[in-house]
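The values are calculated or read from the model by the stated rules, or taken from the named source; none is laboratory data. Note that the structure is predicted; figures quoted are calculated from it, not measured. Glycine also receives a Cβ, built like all others from the backbone with ideal geometry; neighbour counts cover every protein chain displayed.
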Amino acid sequence: MQQLIEGGFLERWANLRFASRRRQAGRFTGSHASPRAGMSIEFADYREYVPGDDFRYVDWNLYGRLDRLLVKTFVQEVDVPVYFLLDVSGSMRLGIPQKAHYGAQLVLALSYLALRSLDRAGVFPFSDRPLDSAPPRQGMTQFSAILRLLSAIDPDGRTSISEGVAGFLSHTRETGLVVLVSDFLSADDLRDPLARLHHRGDEVIAIQVLDREDIDPSITGQVHFVDVETSDRVNLAVGSSTLDAYRKRFEGFQASLRNAFLQRGIPLFVAPTDRPLEALIHQDLRAGGILE
């Protein structure tokens, strides 16, 4: 795969982080140090004092002004494993730029944001066969491991969301944030893999990477088509009526896809490869509440 990082790539994502956090609310006593890195404590609110509360967390300034015993409460913010499932099947080899390259750059940028926020990031490429992965870890050493993994990708095989999710679940035990990146251009039934992620308790985001020709093809004339995943071939005379029929069928496919994710409460972001990555990340993902 062509080079994923050019000058200033990481600086483009300054001051962004994932907005999705797993929080545990309650009183913080400070009696036990967390064994896990990446944990922070944030002031949340006040509540009335009840017998047995630690006097160290009474706000005495408020008591002097209001003559009420109020106890500070805190939110404990725990580091979240962020899992990236990247489709590297044959169909991702298509496009200008290549869909696999765009998806890999997206995963690289988002994993950097997760790692910089002291979360753990892991990358699980998938098609219909076992592939190397980068299990979730913290730190910039992990970023280097993810970069090496993504740089070695050679898109091939068939799209299989089911096998990708099954393989991912067999290698992980902890729930987290799952970012599923694919063109989703397959006959795969999404109900089972999405149900399995939902059952485990993962929070899921779907990003559909498409070439402009996937959305609005412009090719006409006598065309020899080759399926990049199955090698099936067909000759077809393509005219305006054929393109109109394709567009209608594609719109129906997209509606079904959106509905499949909507039923599980999963946001779907469509990312044409001619849309600058900065626009997708800074505008679309921020507007969708994924980043802040």
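For this structure, a couple of remarks:
- Every pair of residues 6+ apart whose Cβ atoms lie under 7 Å, when the first sits in region 161-185 and is in the same structural domain as Phe261 (by TED's automatic domain parsing) while the second is buried (at least 22 other Cβ atoms within 10 Å of the Cβ) and among the small types (Gly, Ala, Ser): Ile161/Ser182; Leu180/Ala206; Val181/Gly103; Asp183/Ser91; Leu185/Ser91
- Qualifying residue in region 175-182 (condition: surrounded by 15 or more Cβ atoms within 10 Å (Cβ to Cβ), within 19 Å of Ala271 (Cβ to Cβ) and small (Gly, Ala, Ser)): yes
- Condition check for Asp79: more than 22 Å from Asp188 (Cα to Cα) and among the acidic types (Asp, Glu): yes
- Whether a residue is assigned by TED's automatic domain parsing to the domain that holds Lys99, exposed (fewer than 15 other Cβ atoms within 10 Å of the Cβ) and within 21 Å of the chain's Cα centre (by Cα) was assessed, and Asn235 does not pass this test.
- Some residue of region 239-261 being part of a loop (DSSP other than H, G, I, E, B), aliphatic (A, V, I, L, M) and farther than 19 Å from Leu86 by Cα: no
- Wholly within region 37-100, strands (runs of 3 or more DSSP E) carrying at least 3 residues that are modelled with pLDDT of 85 or more: 81-87
- Among the residues of region 101-120, the ones that are of a type in the set (A, V, I, L, M, F, W, C) and either assigned by TED's automatic domain parsing to the domain that holds Asp54 or outside any helix (DSSP H, G or I) (or both) come to 1 in all.
- Residues within region 233-292 that are in contact with a strand residue (DSSP E or B) (Cβ under 7 Å, 6 or more places away or on another chain), without any contact (Cβ under 8 Å) to a residue 12 or more places away in the chain and within 20 Å of Leu180 (Cβ to Cβ), tallied: 1
- With a requirement of 2 or more residues that are out of contact with any His (no Cβ under 6 Å at 6 or more places or on another chain), farther than 24 Å from Ala19 by Cβ and of a type in the set (A, V, I, L, M, F, W, C), the strands (runs of 3 or more DSSP E) lying completely within region 138-233 that satisfy it span 221-226.
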